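The values are calculated or read from the model by the stated rules, or taken from the named source; none is laboratory data. Note that this is a predicted model, so its numbers are computed, not measured. We place every Cβ from the backbone using ideal geometry, glycine too, and count neighbours over all the protein chains shown. With ligands, DNA and RNA removed, areas are computed over all heavy atoms of the protein, side chains included. Shrake-Rupley method; radii C 1.70, N 1.55, O 1.52, S 1.80 Å.
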Amino acid sequence: GERDVRGDVRGDVLRADRVRGPQVIDTQGFVELTAGTVGLLMAFFYFVAVVASVLCFFALLTAFEANVRDRLWEFGVLRALGAGAGQLVRAFVYEAVSVAAAAVG
């Protein structure tokens, strides 16, 4: 049968190419192809973000654990002077939050 020329032209774009001359490109197909590619790229970026977040979590965990290990003597002295375990935990958490806030700000 005959094609509806108006329907085809409405969804297509006329593009001038120096080597091959003018071409008609299906814009709806191009948008669908681009949407699929963008979706794939976004999935890749989300995967990278999750991996980076997990790595950052373990890096911070290791850094805080090393900080506590290095300060065991100080914690022992504070406990000997009468500081409770809760006070030491609060002091450590306040220090960690302060360092994180200083790094962000």
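Results, tabulated for the structure shown:
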read-out: Unique residue being open to solvent by less than 100 Å² (accessible area, probe 1.4 Å) and of a type in the set (A, V, I, L, M, F, W, C) when the list is Leu72, Leu78, Leu55; value: Leu78
read-out: Among residues of region 21-72, those that are of a type in the set (Phe, Trp, Tyr) and touching a residue at least 24 places away in the same chain (Cβ under 8 Å), counted; value: 1
read-out: Matching entry among Gln87, Gln28 (being open to solvent by 60 Å² or more (accessible area, probe 1.4 Å), over 21 Å from the mean Cα position of the chain (by Cα) and either acidic (Asp, Glu) or modelled with pLDDT of 90 or more (or both)); value: Gln87
read-out: Within region 44-72, considering residues that are of a type in the set (Gly, Ala, Ser) and modelled with pLDDT of 95 or more, the one farthest from Val93 (Cα to Cα); value: Ala49
